[in-house]
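The values are calculated or read from the model by the stated rules, or taken from the named source; none is laboratory data. All values reported here derive from a predicted model rather than from experimental measurement. Don't worry about glycine lacking a Cβ; one is built from the backbone with ideal geometry, like all the others, and counts go over all protein chains shown. All accessible areas refer to the heavy atoms of the entire protein, side chains included, with ligands and DNA or RNA removed. Shrake-Rupley method; radii C 1.70, N 1.55, O 1.52, S 1.80 Å.
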Amino acid sequence: MSGRQRAGAATRAPDTEVGPAELAARYGLTVSGSRPGPAVYGRRLWSRRHFIAAFATARLNAMHTGARLGGLWQVITPLLNAAVYYLVFGLLLGTRHGTHGFVPFLCTGVFVFGFTQSAVLAGTRAVQGNLALIRALHFPRACLPLASTLLQLQQLLFSMAVLMVIVVASGEPVTARWLLVVPVLAAQSAFNAGLAMAVARIGARETDAAQLMPFAMRTWMYASGVFYDLRGLTEHAPGWAAALLNANPALLFIDLMRYALMDSVPRSGLPAHAWPLVLAWTAAVGAGGYLFFWQAEKEYGRG
Amino acid sequence: MAETRVPTVIADGLHIVYRVHGSAAGRGPAPSALGRLLRRRRSPAVREVHAVKGVSFTAYRGEAIGLIGSNGSGKSTLLRAVAGLLPPHEGRVYTDGQPALLGVNAALMNDLTGERNVVLGCLAMGMRPREVRECADDIVDFSGIDERGDFSSLPMRTYSSGMAARLRFAIAAAKTHDVLMIDEALATGDAGFRRRSQERVRELREQAGTVFLVSHSLGTIRETCERTIWLEAGVIRMDGPTDEVAGAYEEFARGR
């Protein structure tokens, strides 16, 4: 290699007389910290999959080490969440009249929306909160929002176990439809990962985002039929507003999960074109969030 | 023999600016923040630090280059930029492969155990799980944190600063690199660890093309490096043979 370079150099200007950029090109040096193409970036990300998994698991295990009940909180937290909403919307406001099987209906909504909510909130801090790690070690930065989403998925699996017990205890039968839980969760995970990467880039630059995001998420939650059946609203709304409300991806994930777990939810209870819409949302947000995050890959160390 | 020298790192008019949030709080936080928003002014709490101002140099294969300068002269920032960890504001750094930075400040996760940090650090550096399993024990042994009892199974926040620095150095040194940058790492730890780490650095140097060494100990620099760059307030003050540069720096330091 060096022999060929020397032979070539004899016909060109000596190294000492060319500019830095040309000298770098002559010896095949590359710009440090340059951004690879999206496909190469994806491969590098794949090669760090063990890091992503280990990072998420380590965080999950460290989360409750300070509390006496420890890992038990992973089961208690979703239960308490459901209990609070049941108290407010089921008993105080009486929303449950007219909604058949209110407890599983409510818990499914709370847990499924909670997955997206916590993935977004954790994603907002994924880059900003790990600046020291970013400035110390080399790895594709998308590892961080992906790990935070994986951590939320691991927590959701605890919630899902609790949810299945609740559903069965409330008298719903276990049917083959339960198998639909897997594709719904897979699609929601990809959707959440895309969303987490997008907000991670925003949160890395705009430190105010971490303060604003909870309000945005709460607004989204009330528009997603977590506590009440949204059909009461869409029936009287003008056509375009109803279509808009029914195309809400969070609502679609929640409705599909209710359909999967609760035998009392009929097929006709699903919004029109639920499955194609969910797949379109997942592809668009998953790929869009990835590309949006990748574009700023070089900038994350600056803070 | 100028033609046979192969460059490994080229810095071309490098400027580095980073933002620091929360450096100053204005009077009467809420009204003043609102006023700034209305007048479209930047918050005084965000300050830009211009740490490196137009640095250019070329490093060649087989060189060991010392980096000296007063505290806050931009040495560590420069190394981070060469490693591609901080984006340049202006100018460029060209490197041969992916440079590695061995620093005592390499942050790990304080709420996790030492063992867990070893595994995560190795995975983040791109090792495969099998390689990690093979070298994890060696890393803990090398750091010597288990000499006074089983510390590797305790969270890192319980470590003394010396122990944490030793573990971090041990993790970073577990991999071999083409361009190697060492930031003050040789100064930490007790005599035994210093000897072990100097040996390890010598090994790494033999495998690496180019070594950069930041240190406040001119003795270490003279021992290891034939060329030295003196950085002061973000600009290169001198770049040449270690004896000359270190002599001039000593004179400068005495004069202050």
For region A:36-299, what log10 I(q)/I(0) values come out of the Debye formula at q = 0.07, 0.10, 0.15, 0.17 1/Å, with one point per alpha carbon and no solvent? -0.26, -0.53, -1.15, -1.39
For B:K75, go through the lysines and keep the ones whose alpha-carbon is under 20 Å away, minus same-chain ones fewer than eight residues off. B:K53
Helix A:209-222: angle to the longest alpha-carbon principal axis of chain A, degrees 0 to 90, nearest 10? 30 degrees
With loop defined by DSSP as not H, G, I, E or B, and exposure as at most 14 other Cβ atoms within 10 Å, which is the longest segment of chain A clear of exposed GluC sites (Glu not before Pro)? A:1-205
Just reorder B:D183, B:D239, B:D138 by solvent-accessible area, largest first, 1.4 Å probe, all chains present. B:D138, B:D239, B:D183
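Report the relative contact order of chain A, percent, no decimals, based on alpha-carbon pairs under 8 angstrom and at least 6 residues apart.
On the way: 300 pairs, mean separation 78.0, N = 303.
This gives 26 percent for chain A.
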Just how much of A:I76 is accessible, in Å², when a 1.4 Å probe is used and the result is rounded to the nearest 10? 50 Å²
Degrees between helix A:73-85 axis and first principal axis of chain A (Cα, 0 to 90, nearest 10): 50 degrees
Amide H to amide H, which residues 5 or more places from B:T8 or on other chains are under 5 Å from it, using H placed in the peptide plane? B:A59, B:Y60, B:R61
For B:I182, other-chain or 5+-apart residues with amide H closer than 5 Å (H placed, Pro excluded) are B:L102, B:F212, B:L213, B:V214
With r defined as the distance between the Cβ atoms of A:A216 and B:D138 and R0 fixed at 41 Å, what FRET efficiency is calculated, to the nearest 0.05? 0.30
Rank these by accessible area, largest first, 1.4 Å probe: A:V88, A:V18, A:V167. A:V88, A:V18, A:V167
Pop out the ³J(HN,Hα) list for region B:219-235 in order, Karplus 6.51 cos²θ - 1.76 cosθ + 1.60 with θ = phi - 60°, rounded to Hz; leave Gly and Pro as x. x, 4, 4, 4, 5, 9, 10, 8, 10, 9, 10, 9, 10, 9, 6, x, 10
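If you take every DSSP beta bridge fully contained in region B:62-255, what fraction is antiparallel? Give it as a percent rounded to 5.
The antiparallel proportion sits near 30 percent.
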Could you give the size of the charge dipole of chain A about its Cα centre, using +1 on the Cβ of each K and R and -1 on the Cβ of each D and E, expressed in debye and rounded to the nearest 20? 940 debye
When 1/r is averaged over all different Cα pairs and the result inverted, which Kirkwood radius in Å belongs to region B:62-255? 17.5 Å
Separation between Cα centres of region A:210-283 and region A:86-158, rounded to whole Å: 16 Å
Would you mind telling me the antiparallel percentage of the DSSP bridges in the protein assembly as shown, rounded to 5? 60 percent
Alpha-carbon gyration tensor eigenvalues x 5, square-rooted, for the protein assembly as shown, Å: 53, 26, 23
Taking θ as phi - 60°, what are the ³J(HN,Hα) couplings along region B:143-153 by the Karplus curve (6.51, -1.76, 1.60), each to the nearest whole Hz, with x for Gly and Pro? 5, x, 6, 8, 5, 9, x, 7, 7, 5, 9
